[in-house]
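Following: one structure in structure tokens, then a few remarks.
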Amino acid sequence: MNKIVIAGGTGFVGQYLSERFRTLGYQVIIIGRRPGNILWTDRSAISDSLENAAMLINLAGKSVNCRYNEKNKAEIFSSRTATTTLLGELIASCTNPPKLWLNASTATIYRHAEDRPMTESSGEIGTGFSVDVATLWEKTFFDFKSEKTRQVALRMAIVLGADGGVILPFKNLVRAGLGGIQGNGQQYFSWIHIEDLFQLILFLKGHEDLDGVVNCAAPNPIMNKTFMATFRQVMNRKIGLPSPKWLLEIGAALIGTETELLLKSRWVLPERLENSGFTFQFPTISTALQDILQRG
């Protein structure tokens, strides 16, 4: 069983995972909305792809990098729950379903935390729209139960990589001399290098005792002020003007996003992974940014 199915696999994370799995000799099948992939409307083709698969990784969902108006909110919810429900129904009808189903979730499910870190065992679920999305997404996922398929929800922190995600906007800010703190700079920034995300997926595949929720975050989260200072240092930029909250509100409205993506304090630790013996290749923000920026 060397077949891996990646649902919603056409984005930044999905493309990286696909490439890495193919280099290891896996057959990778993508479910998505682009021609050449299995379309979400083709239930029989999706069902066929899931038969005898080693693993299903579901990353499908509309980007939260948008304004939270009613239309976008509805699409953010439905794009996650509808795809998860469909996959669950088709897994239930498989003769030989995937041995492992990894479903994306988000570390944003935890509350704004400046007082202590959030782990799987002691983390507190937050409130608000983003938390509601994550909570319903995980509930939809875990409502499906199969004796043949192990389920893990990946509570992912901000994924850092050279070919997409948040790195390019931050790089442009630093290059323009605007790479100072955002807000008061005290909010925590939990992150993970995309290669470590790939490695932990391989780790989960091999550790059949792990199921439920797993925090996918590097073991050394930092404050926003440290993140921006490290970014400037790696890019050799001395000047970084700060962006106060009021300015971020204006900027977010102009480019069609929300300040929560920058200002919520995400202080998340990978307790279960570390307790199980997983070792991060990029445990600190300096090693991660040096690797990513030299590639980009």
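Coordinate-derived values only; no laboratory data. Owing to the predicted nature of the structure, the values given are computational and were not obtained by experimental measurement. For neighbour counting, all protein chains shown are included, and Cβ atoms are generated from backbone atoms with ideal geometry for every residue, glycine included.
Summary of values
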quantity: Neighbour-count order for Val133, Val268, Val159, fewest beta carbons within 10 angstrom listed first; calculated: Val159, Val133, Val268
quantity: Listed peptides 188-196, 224-232, 49-57, 29-37 by packing density, highest first (mean Cβ within 10 Å); calculated: 188-196, 49-57, 224-232, 29-37
quantity: Relative packing of peptides 205-213, 82-90 - highest average C-beta neighbours within 10 Å first; calculated: 82-90, 205-213
quantity: Cα centre as origin, Lys/Arg/Asp/Glu Cβ charges: region 149-296 dipole, Debye; calculated: 620 debye
quantity: Cβ-derived FRET efficiency at R0 35 Å, Leu241 paired with Lys71, nearest 0.05; calculated: 0.55
quantity: Dipole magnitude (debye, nearest 20) for region 181-251, charges at Cβ of Lys, Arg, Asp, Glu; calculated: 680 debye
quantity: Crossing angle, helix 285-295 versus the chain [Cα axis fit, 0-90 degrees, rounded to tens]; calculated: 80 degrees
quantity: Residue (of Asn58, Ala82, Tyr68) at the positive-pole extreme of region 57-107, dipole from beta-carbon charges; calculated: Tyr68
quantity: P(r) weight above 36 Å for the chain, C-alpha pairs, percent; calculated: 15 percent
quantity: Relative contact order of region 87-228, pairs being alpha-carbon contacts under 8 Å that are 6 or more residues apart, as %; calculated: 29 percent
quantity: Proximal charge balance of Lys3 [Cβ under 14 Å; K/R count +1, D/E count -1]; calculated: +1
quantity: Fraction of antiparallel bridges per DSSP, region 3-295 only, in percent to nearest 5; calculated: 15 percent
quantity: Glu89/Arg116 FRET efficiency (R0 35 Å; Cβ-Cβ; nearest 0.05); calculated: 0.35
quantity: Space enclosed by the convex hull of the alpha-carbon atoms of region 169-290, per residue, Å³; calculated: 108 Å³
quantity: Normalised contact order of region 3-295, rounded percent, pairs of Cα under 8 Å and 6 or more residues apart; calculated: 19 percent
quantity: Shape category assigned to region 67-203 from the gyration tensor of Cα positions, a/c cut at 1.5; calculated: prolate
quantity: Degrees between helix 224-234 axis and first principal axis of the chain (Cα, 0 to 90, nearest 10); calculated: 80 degrees
quantity: Protection-proxy order for peptides 7-20, 65-78, each taking the mean of Cβ atoms within 10 Å per residue, highest first; calculated: 7-20, 65-78
quantity: Angle in degrees between helix 12-23 and the longest Cα principal axis of the chain, rounded to the nearest 10; calculated: 60 degrees
quantity: Helix-derived mean residue ellipticity, 222 nm - over the chain, DSSP H n ≥ 4, -39500 (n - 2.57), to 500; calculated: -12500 deg cm²/dmol
